[in-house]
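Worksheet: the structure to be examined is printed underneath.
Coordinate-derived values only; no laboratory data. What you are looking at is a predicted structure, and each value in this text was computed from that prediction instead of being measured. Backbone-built Cβ (ideal geometry, glycine too); neighbour counts: all protein chains shown.
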Amino acid sequence: MSNASVISPERRIEFNAFDVDAWNLLLRESSARPIDTARIFYEKLVTQFPNAGRYWKAYIEHELRAKNYDKAEALFERCIFQVLHIDLWKSYLHYLKLSKGHIISMREKVADAFELAIDRVGHDIQAAQIYQDYIQFLTDVEAQGQYAENQKVSAIRKVYLRAVATPMLNIETIWQAYCDFEKVSLHVLPSADNDVRNDQHFSLFLNRIAQICSYNCKELCILLVFQSVNINLAEKLVADRVKDYQHVKKVLKQMELLMQGINRQAISVPPRGTQAEQKQIDLWRKLIVFEKSNPLRSDEVGLKAKRVIYTYDQALLSLGYHADIWYESAVYHEKIVAELRERGDMKTAETIERETSKLYSRATSGLMRNTPLIHFAHADFEESKGRYDIATKIYDDLIESNDDPTLAYIMLMNFIRRIKGVRAARKVFERARGDKRSKFHIYIAGAMMEFHCIKDSNIAQKIFDYGLKKYGNVPEFATAYIDFLYHVNDENNTRGVIERLLESPDISNELKIEMWDRYLDLETQVGDAASLRKVDHARRQALNEAYDDRQALFLVDRFKFLNLWPCSEDQMKLMGYNKISRLSSTTGGPTTSTQGHFMSQGLLRTTQQVNLEISGFPRPDTNQMLAFKPASRATPSTHPVSGGVFPAPRSVSFMLQRLPPPDSFCGPFVDHNILMDALKNFTREPPKANYKASVDVNDSIGKYKVADLKREFQQLVTTTTDPAVLYASEEYRKQRKRRHGAAGGPNDSDSEDENTNGTAAEATGDVFKRLMNAKVKAKEQMQT
Amino acid sequence: MIRSEIKDQDYLYKLIISQLSYDGFKQAAGTVAQELGMSVESAAASNKLMRLVNLARQYEDDPDIEKGESLFQYNGDSVGLDLEYGADITPTAPEPASYELVYASSHKAPCRSGAFNTDGSLAAIGSSDCSIKIYDIEKIIAREVRGEPISEAEQSQPVIRTLYDHVDEVSCVTFHPREPILISGSYDKTIKFFDYSKMAVKRCMRSLVEAEPVRAFAIHPGGEFLAVAVNHPTLRLYNIETQQCFVSAFPGDQHVEAVVDVCYADSAKLLVTGSLDGDVKLWDGISGRCVQTFARAHDNIPIRSVKFTRNGKYVLTTGNDSSVKLWELSTNRCLVNYTGVSGADRVNDNCGPACFNHNEDYVMLPDDKSGNLCSWNARTGDRKRYRALGHAAAVRDFIHSRTSPAFITCSDDCKARFWYKKL
């Protein structure tokens, strides 16, 4: 129907690979196709959105529908541990139960899977289904003999207890089922049931019975008494848990409130800075803070940590492109590890530590692939744990995969220096120098390392010299070099380098100014009067062009220090000194100027990304439609569609919008009879404007002097009010209102406008009518 | 017979009835249902039986297929109305009758229009007193959760902005899909844009001048265009940035009488309009041409409202006689007829529009005769319990949030009431 003119989803994806709507459209189409043809699409889909549980689920279900169980299982294995998506897990368990549940030998495996699921996603608010299924599964097991029966009951009880201690939807049903279960289960003699046997009251009770009865009939006695007792006992067991259960329910209420508005089905896309997105982040953060406050009041740090970590994982499923959340999660992991160590729980601490490592790898191999920050965080973490080879590998991978590995090289160099010393770090520097992709920063980093660690300024200077040959025209490099020379108190060399740079023919204008500034600073601080004067003079000469002959600006430059200025900011702005904004943002200090430059570059990049709004919707094609201007029904029109007329062309309507309103016109009036006559008798060639020829001010056109004309025109322009200002003014509004009000009563209009003593037409400001009225009146006067 | 077998049989009959009503044999479906002692409403029109039969035939041809394969179709939570794939999903959303009144606001004159923003955190109410008020829904709900009484206390006032710039009744309001802009249309023949991110906003930042009183509009999901229905048969499309206006290139596309409601599909590919002449028209979102007309959709009764489902496959229409219908666009026919309103068969200009709840499980309609809220299961047309709305006059506009179980009723008794399903 409308598809012909719509951009196809494939095109939309080409245009924007994160256009989730387009992917969904394609997914719908593919789900109707046979799996063999759709598989390529699905692979693309899960590569593009590797943490989207929804897409994995769709893919796997399609495979299942086509009965490719091996493939489906392989897919489950690929995603199930990476993507802790509750629906995905549910469908995994569903599949296992249906395909393997009835095979006796596989029962163990299915039970393991259930245990795993409860371990992984059992803290989810929607996990009730999993617990119920598990209990159902365990209940369906046919136990042979007393021992097995007791085993079964205690296994089921264990699951129930875990379920009712977890805040999730539908917990009431599980609680009810649990109560019923306790009542029924105690019909079975709980001799092997640890939970009950260990119960103090119960053992006391048994002893009492034993005392009362003779030893011979003890067993019989217990059996008889038990029938009446077990109901009470069940009630007692349940009553013990009721308080906890009430608390869990309360927590559930709070959680529901917090989760309101969170879109858990959202697919991770790179941040766009929209409000809705910000909102989601805020909501998730609130939920995480809530979980961190340990709402379940659990004494076990491990349990609390698990819930928080699970919440982080859930947040990352839909906010996978937010590096800050990845990092916060990792920091929380580390905090918990420390806490656990303090309490002596080494086993859990180690598990969580391993989890941290996995979390980082998941981030860096997945959505954070292109964010070096997380890579560095990962390397830092591994380094702190002493696993140097892993850290080295992370750096190497980052260098391999990046377009601009300079930063990674520098970080690697620092890292190697920390663990193996400067000698090894030099090798990294050599490697970086050989890499064609790395930039000049590597030379600065290398030289600085030599200078600060070996304390040998000669090697550093050599490196700088070498770099200067290659990057002589990069202002940041040159300034870094000069700063270095200046700091090692090598004035002569500094002067030499500056002069060499200034003399080089292909120096950029920006760098030239920068260099002169440096030169001046240097001479002000260390030079003698003669050389200072010399440089100041030379600088004025050289930069006259850039400074537009404003000598005061040179003076400001000479008497400033860092961000202290010899006159107030406003004064400098008035002088036209524009360096102030640039420098004050970097808060002085020559060494920060390079950083400042990158910071501003980084900022620029992020703001650009924020402004990037992707609409992705088909736009109406107005070329296929008719332009239209609504008009009242009374207006006669040639427009084929009723209710409007053709609008003026765009440029004209643009101009009309900017013209002042008609009633602001008050002359000069043209006598159109004379004008028409003049035009009729006009026989000469029409004049042509020659824009290129300049008019001399002293010339005259006809009897008017050009200078006079110019002046008068300027006066006219400056004295006419800007229509925009006029419209906005309160006076104008009032005037208009008055006029509209007066339109009905012509008698009032005299007082309002003294120049025209007339009728309603005048009041509305129609120039033409005003003119006609004046004429009629003139005629009437003539006649009288 | 074993109980499960009876259940299976019931299911089979239900499928048969569904299939019959899907294929258009409403009469036959009714007869069969009567014979079996079932209600037609309980079976949504669907061709599931046909698909099952096809599957079974495949199975017969190729007997190697394992048993129970259809079991693997895992039904998740419903995310919208789609009778093709999810005809027998049971509603998971709270029933409309269980919503409770959480706040009532008064205006100086009848309330005529309301709108929620995209994430359901704000709502705007336009009134005959020429003003528009913006409410913070979260404040209302948070207050309710804290359990404070509904009072008009100064500090917890949920009205965050009041906008006065129209000189006549505000007939329609909507939020810009991305930016903090509220758009309003009025009988004073203007459409105004308010930047409500500014605290002190009173006047609009931009306006479009129309030649006729504005009745309704719909904003393009990308936020660049506005389809406008005025007191005139011609549907206009405005480019908001340039203020240019366009109409369909073919004059015959237009309605015969004034357009009363217009709605954009979420994909921006289609538009739907309803008119006083009783027709419902579908328009191509790109060329602006009319691509389909449901002539006399409600038997010559003027249309009150039109609404797309989220997937853009169905349209929900309301007539001025409080009749509500669901149209399937792939087959161009009326699929479900929601019946049983007490105010039916009585043409009434003050009738309110029907609306889906947030996950399209239910259809709701304020019935002005009884003052109740009628609701149906959207898939089967099964009528649900009433909810008394308690307004003293007709409900003129009725909107449901797209994200949470909350709705607003705007009434001629100068009140707007906020309803919400408490947890």
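Taking +1 at the Cβ of each Lys and Arg and -1 at the Cβ of each Asp and Glu, which of A:N370, A:A424, A:I390 sits farthest along the dipole of segment A:347-448 towards its positive end, judged by Cα position relative to the Cα centre?
Going by the charge dipole, the pick is A:A424.
Using alpha carbon centroids, what distance separates segment B:365-404 and segment A:320-347, in Å?
50
Which order do the peptides A:469-477, A:238-246 take when ranked by the mean count of other beta-carbon atoms within 10 Å per residue, highest first?
Taking the mean over residues of other Cβ atoms within 10 Å, the ranking is A:469-477, A:238-246.
With only alpha-carbon pairs counted, each pair once and no self-pairs, how large is the Kirkwood hydrodynamic radius of chain B in angstroms?
22.7
Could you list B:E5, A:E149 so that the one with the fewest beta carbons within 10 Å of its beta carbon is first and the one with the most is last?
Sorted ascending by nearby Cβ count, the order is B:E5, A:E149.
Taking +1 at the Cβ of each Lys and Arg and -1 at the Cβ of each Asp and Glu, which of B:T31, B:I137, B:N231 sits farthest along the dipole of chain B towards its positive end, judged by Cα position relative to the Cα centre?
Positive-most Cα among the choices belongs to B:I137.
Going by a 4.7 Å Cβ-Cβ cut-off, which cysteines of chain B have no partner at all?
B:C130, B:C172, B:C204, B:C245, B:C263, B:C290, B:C334, B:C351, B:C355, B:C374, B:C414, each lacking another Cys Cβ under 4.7 Å.
Which residues' amide hydrogens lie under 5 Å from the amide hydrogen of B:V336, considering only partners 5 or more residues apart or on another chain, with H built in the peptide plane?
Correct list: B:L326.
Looking only at segment B:96-420, where both bridge partners belong to it, what percent of the DSSP beta bridges are antiparallel (to the nearest 5)?
Of the beta bridges lying entirely in segment B:96-420, close to 100 percent run antiparallel.
First select every other residue whose beta carbon is under 10 angstrom from the beta carbon of A:K90; then total the charges, Lys and Arg +1, Asp and Glu -1.
Result for the local shell: -2.
Taking amide hydrogens as modeled 1.01 Å from N in the peptide plane, which residues meet the under 5 Å criterion relative to B:V102, leaving out close sequence neighbours?
Those lying under 5 Å, H to H, from B:V102 are B:F418, B:W419, B:Y420.
Under the rule a/c < 1.5 gives rounded, and otherwise a/b versus b/c splits prolate from oblate, where does segment B:227-289 land using the Cα gyration tensor?
Judged from the Cα gyration tensor, segment B:227-289 comes out prolate (a/c at least 1.5, a/b above b/c).
Report the charge-dipole magnitude of chain B in Debye, nearest 20, computed about the Cα centre from +1 at each Lys and Arg Cβ and -1 at each Asp and Glu Cβ.
The calculated dipole for chain B is roughly 880 debye.
Kindly put A:E514, A:E172 in sequence by how many other C-beta atoms sit within 10 Å of each C-beta, fewest to most.
Values: A:E514 19, A:E172 12.
Sorted ascending by nearby Cβ count, the order is A:E172, A:E514.
Please give every one of the lysines within straight-line cross-link reach of A:K420, meaning a C-alpha to C-alpha distance under 24 Å, and leave out same-chain neighbours fewer than 8 residues apart.
Here the lysines satisfying the reach criterion relative to A:K420 are A:K385, A:K393, A:K455, A:K462.
Specify whether the C-alpha gyration tensor of segment A:71-171 places it in the rounded, prolate or oblate class, a ≥ b ≥ c being the square roots of the eigenvalues: rounded for a/c under 1.5, otherwise prolate if a/b is larger than b/c and oblate if not.
Here segment A:71-171 falls in the oblate category.
Which is farthest toward the positive dipole end of chain B among B:Y314, B:P94, B:L282, measuring Cα position about the Cα centre, with Cβ charges +1 (Lys, Arg) and -1 (Asp, Glu)?
The residue sitting farthest along the positive end of the dipole is B:P94.
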